[in-house]
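**Q** What follows is a structure written as structure tokens; I'll ask about it next.
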Amino acid sequence: MTLMTKGQFAAHRGVGKSAVSNWAAKQLLVMGECPGTGKLLVDVERTEARINTRIDPMRGRPAANLPMVASPAAEEFGDTAEPALSGRSVAKVRAELAEENLITLRLKNAERAGELGPRIELDRRGAELGRVARERMQAMFRAIAERLAAERDVRNVMAIGSAEIDRVFAELANDVEAGKLSEVDEPDDAAIENEMEAAAAEV
């Protein structure tokens, strides 16, 4: 990292001090702290990288036909930035804008096709999915409780639990994908009654 005073930087760029003052007013100067004196000096490499993305090299003033690049985008090149990177940074900005436009267009097409659901409906489905997952996990642990109680090795307990959890979530994912979630997990009075009878018998 090379540090210079504003006057030294003006001489380095071959411009007058007023040009450097104008760059400072436009927040084009990147300052760095001098390790020896603690003064803020111009970071030459990073400042040149920023200036070259904003200044027309043929005229020495902000280019009218180039997009204005935000300072973080210019600073990402770090201390190794060179003036030759200006064309690359402009191309990168244009590519990012094209990608954003493409994403926006895809979202609009999906909305027209009815592929985007209302947020309230998505929230309801998320809550329903959480309820179903909780109930299935509880049912799974009830089913393997005696088996786990009989195990004396903690590693076997962990292996059984892990395998059963994977199975429950795999089945849940398959049901969601097949659209069977509401059919499979609709409350069933007979099933509830049988479960209550089984619990009473255990007591």
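The values are calculated or read from the model by the stated rules, or taken from the named source; none is laboratory data. Everything quoted here is computed from the prediction, not taken from an experiment. Positions of Cβ are backbone-derived with ideal geometry, glycine not excepted, and every protein chain shown enters the neighbour counts.
**Q** Within region 144-187, restricting attention to residues that are surrounded by 11 or more Cβ atoms within 10 Å (Cβ to Cβ) and not in a helix (DSSP H, G or I), which residue is modelled with the highest pLDDT?
**A** Filtering region 144-187 for residues that are surrounded by 11 or more Cβ atoms within 10 Å (Cβ to Cβ) and not in a helix (DSSP H, G or I), the one modelled with the highest pLDDT comes out as Glu151.
**Q** List pairs: first residue in region 150-176 and free of Cβ contacts under 8 Å to residues at least 24 places away in the same chain and over 16 Å from Arg136 (Cβ atoms), second residue among the hydrophobic types (A, V, I, L, M, F, W, C) and surrounded by 13 or more Cβ atoms within 10 Å (Cβ to Cβ) anywhere in the structure, Cβ distance under 6 angstrom, at least six positions apart or on different chains.
**A** Listed pairs, sorted by first residue: Glu151/Val157; Val157/Leu148.
**Q** Evaluate the following for Glu96: is it part of a helix (DSSP H, G or I) and under 30 Å from Arg54 (Cα atoms)?
**A** Taking the combined requirement at face value, the residue satisfies it.
**Q** Sticking with this one: I need a count of the residues in region 113-134 that are loosely packed, with under 12 Cβ neighbours inside 10 Å and either within 23 Å of Lys180 (Cβ to Cβ) or among the hydrophobic types (A, V, I, L, M, F, W, C) (or both).
**A** The qualifying residues number 14.
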